[in-house]
Amino acid sequence: MALAATTILDARNGGSDSNGGGFDPGNGNMATDLAATSANTSAPVVTSASYNFSAGDVGHWLFVKSGTNWTPGWYQVASVATNAATLAATAGSGYIVGNNVPIGPTTAVGCATTASPTAGTWSMDYSQTTSARLAFTDMVIDGTTNTKFTSAGNPVGKNHVGNVINVTSGTGFTVQRVQISSVTGTAATCDKSLGTLSSTGGVGNLGGCLASLGIVGGFAANACPVFLKYNATAYSMSNTANVSGGRLNTTGFGGLAITGWNTNRHVFNVDASRPILDPGAASMVLLAMYTGSGSWIANLSFTNSAARAGIQYITGNVLRLRNCKFTGATGVAVTTSGGLCSATDCEWSGGSTDSFSPAGGASMKRCTVHDQAAGIGVAMAGNADLTDVAVVNHGGSACYGTSVGGSHVTMSRCTGHIAGSGTGSGISVIGTYLEAYDCLMVGGGGVGGIGFKLNSQQLYCQLFNCAAYNFQAGSNNFPTAGAITGLVTLSASPFTNAAGNDFSLNTTAGGGSACRGAGTPGAYLGLSTTSYPDIGAVQHQDSGGGGVFPVIGSAFIRGVT
C-alpha cells in the first residue's frame with residue numbers, strides 16, 4: 001500500500017534506502033500547542049507543552065503547518081536549551097509551504113508576524129538528513145489495533161507525527177513503509193496495518209533521506225512530491241525497476257512530481273547544478289512515467305553512456321518538464337504515447353536520433369536542441385505550441401529543425417539551423433494546420449533542403465514575418481503566395497558566430513540586419529501602438545537596453561551542468 005499522496009520523499013548522496021525517507025505536511029493530526037518568543041526575529045525560540053525539544057533535533061526542520069500570526073513553512077533548528085529550540089529564521093533561510101510542498105524561500109525574518117504567537121500547528125520533519133532520527137529494534141504492535149505500536153527504547157511523541165518509518169524486519173511485522181498518523185501518549189497510530197497483533201521485536205528506521213531515486217517506485221503514491229539533491233557524481237541507475245539504485249517505473253500508481261535541487265529545496269528553484277542521472281551501459285529508459293494525475297520533472301540532468309537517456313511517458317494526463325537537460329541519447333530522449341507534454345527551459349544536446357517526440361499534444365517554450373548528429377530535433381505528432389525554441393547546429397542528412405505532424409501547430413520566434421552541408425529542412429510539416437510567426441530557418445546548403453517545407457499540399461498552413469537562408473531547394477514550397485505574409489529571403493547568414501554557438505543576430509545587410517525589428521505583430525489593431533520584435537528566437541540588444549533574450553540551459557547560456 002502506497003504512502004499518502006502528500007508525503008514528500010527526499011533522496012540525496014550519503015542517505016540510505018533503509019531510512020524512512022519521507023514526511024507528510026498534509027497530515028491532519030499534528031500538535032496544536034507551539035508557542036514562541038522573539039518569533040519575528042532571526043532567532044525565534046519555540047516551545048511545546050506536549051514535547052521537550054532535545055539536542056537530537058538540531059539540524060532537523062520544524063514544520064509549522066498553521067496558526068494565527070504564524071508563517072507556515074519549514075525552519076531549521078539551530079540549537080536547543082532547556083527544552084526550547086532556537087530556529088534559524090533569517091529571510092530566505094526557511095521555506096514557505098503551499099499546497100503541502102515548499103514553494104520558495106521565506107521572504108521575511110522570523111517564523112511569525114508577532115513576537116509571541118501561540119497555538120501553532122506543528123511537527124518535526126526528520127527526513128532531510130542522511131541518517132535516521134530513530135532506529136527502532138523493539139517495536140510492539142498493540143494487542144487490539146494492528147495499526148498501533150509502542151517502543152520502550154525510542155518512545156514516540158508528537159514530534160514524530162507525519163514522519164515515515166521503514167519497517168525492515170521483525171517476526172509478525174510486515175516489511176513496508178508506514179507513516180505515523182497520530183500519537184497518543186507514547187503510542188503511535190500508523191496509516192496501515194503493521195502486522196500481527198501483539199508482535200514484538202519490530203525493527204525500523206524513522207526519518208533520514210533515501211540514497212536513490214528508483215526505490216521510490218516501490219512505495220510512492222500518484223503525484224507524490226520527490227526531491228533529489230545534486231551531487232557531483234551521477235546517480236547511476238541499473239536496469240531493474242523500483243529497487244535501490246535502479247531505474248524508476250511508475251506502472252502501479254501513475255506519476256510523480258520530481259524536483260532536482262542543490263541549494264534551494266523548493267519546487268520552483270532554478271539551481272544551476274542539477275542532479276545527474278546516468279544509465280551506465282544498460283539500454284533502458286531512466287524514468288517510465290505512467291498514466292495518473294500527471295508528472296512534473298524539474299531540474300534534472302539525463303546523461304548517457306551508450307544508452308537511451310531520458311523519459312518515456314505512457315498515455316496519461318500531463319507530463320511537465322522544466323529546466324531539464326538531456327545529453328547524448330542514442331534513443332529518443334523524451335517520448336510520449338499520449339496526453340499533453342510541456343517542456344520549458346530545457347536543453348537537448350549530442351543525441352543521435354529524435355530528441356523530443358511527444359505523440360499527444362505538446363508545448364515547448366524557451367528550449368534548445370543543439371549539436372545533434374542525426375534525427376529530428378522536435379518531432380510533434382499532435383497539436384503543439386512552440387515559442388522561443390532554438391534547434392541549432394544539427395548535422396547529417398536527416399536533421400530537421402522540427403517535424404510537425406499535428407492537426408494544429410503554432411510556432412513563434414523559433415530558430416532552426418542545419419550545420420555543415422546538411423540536407424535537412426527547417427520545418428517539415430506533415431499535419432494540416434501550421435501558423436509560424438517570426439521564425440528563422442538557416443540551412444546547411446545541401447541538396448533538397450527547404451526552409452519551410454510542406455510534405456503535401458496541406459490547407460491552412462501560413463507564415464507570418466518569417467525568414468530563411470541557404471536552403472538549396474528554396475525558402476519554402478507553399479502552393480500559394482497568399483499563405484505567406486512578410487517572408488524575408490536572406491542573402492547572408494544572420495548569425496554572429498554559429499560555429500561558436502553565438503546565434504545572436506548580426507548587423508550584416510541581407511543577414512541579421514534584415515531580421516531585426518521585422519517580426520509580428522507590428523502595428524496592433526485598433527491601437528496607436530507598434531511593436532518591433534526580431535525574427536528568430538534570439539532578440540538583439542539595443543544600446544542601454546536589456547540583454548539578449550536567453551534560452552535557459554542552452555548554447556546561449558554556457559556553463560550549466
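Every read-out reported here was derived from the displayed coordinates using simple, explicitly stated rules and does not represent laboratory data. Note that the structure is a prediction, hence the values are computed from the model and not measured. FYI the Cβ positions are ideal-geometry reconstructions off the backbone, even for glycines, and counts take in every protein chain you see.
Under 1.5 on a/c is rounded, so check that first for the stretch 386-553, then, if it is not, pick prolate when a/b is larger than b/c and oblate when it is not; a ≥ b ≥ c are the square roots of the alpha carbon gyration tensor eigenvalues.
Cα axes put the stretch 386-553 in the oblate bin.
Between A108 and S66, how high is the FRET efficiency from 1/(1 + (r/R0)^6) when r is the Cβ-Cβ distance and R₀ = 22 Å? Nearest 0.05.
The formula returns an efficiency of 0.85 here.
Roughly what % of DSSP beta bridges within the stretch 386-553 run antiparallel, to the nearest 5?
10
Where a ≥ b ≥ c are the square roots of the eigenvalues of the C-alpha gyration tensor, would you call the stretch 108-226 rounded, which needs a/c under 1.5, or, failing that, prolate if a/b is larger than b/c, or oblate?
Cα axes put the stretch 108-226 in the oblate bin.
By counting other Cβ atoms within 10 Å of each Cβ, how are T496, T335 ranked from fewest to most?
Fewest-to-most Cβ neighbours within 10 Å comes out as T496, T335.
So, by mean Cβ neighbours within 10 angstrom, what's the order for 534-541, 522-529, 370-377 with the highest one leading?
Answer by packing, highest mean first, reads 534-541, 370-377, 522-529.
Using per-residue counts of other Cβ atoms within 10 Å, averaged over each peptide, order 473-483, 267-277 from highest down.
Peptide ranking by packing, descending: 267-277, 473-483.
List the relative contact order of the chain as a percent without decimals, with contacts defined as Cα pairs under 8 Å and 6+ residues apart.
8
How far, in nm, would the chain grow between V447 and A49 when pulled straight, counting 0.36 nm per residue and subtracting the alpha carbon separation?
135.3 nm
Measure out, as a whole number of angstrom, how far apart the alpha-carbon centroids of the stretch 216-266 and the stretch 139-212 sit.
24
Ranking K192, K229 by Cβ neighbours within 10 Å, fewest first, what do you get?
K192, K229
Give the long-range amide H neighbours of C341: residues separated by 5 or more places, or on another chain, with amide H under 5 Å away, using H modelled in the peptide plane at 1.01 Å from N.
Close amide H contacts, sequence-distant or interchain: L319, G361, A362, S363.
Among H160, H417, rank each residue by its count of other Cβ atoms within 10 Å, from fewest to most, as a rough exposure measure.
Going from least to most buried by this count: H160, H417.
Could you check what % of the DSSP bridge pairs in the chain are antiparallel, to the nearest 5?
Close to 40 percent.
Give the long-range amide H neighbours of V488: residues separated by 5 or more places, or on another chain, with amide H under 5 Å away, using H modelled in the peptide plane at 1.01 Å from N.
C466, A467, A468
Tell me, what does the Kirkwood hydrodynamic radius of the stretch 23-125 come to in angstroms if you use every pair of distinct C-alpha atoms?
The answer is 13.0 Å.
Using a/c under 1.5 as the rounded threshold, could you call the chain rounded, prolate or oblate? The axes a ≥ b ≥ c are square roots of the C-alpha gyration tensor eigenvalues, and prolate needs a/b larger than b/c, oblate otherwise.
Judged from the Cα gyration tensor, the chain comes out prolate (a/c at least 1.5, a/b above b/c).
Sorted by packing (mean other beta-carbon atoms within 10 Å per residue), highest first, where do 245-252, 356-363 land?
356-363, 245-252
Using amide H atoms built in the peptide plane, which far-off residues or other-chain residues are under 5 Å from C224 H to H?
The list, which skips near neighbours in sequence, is A257.
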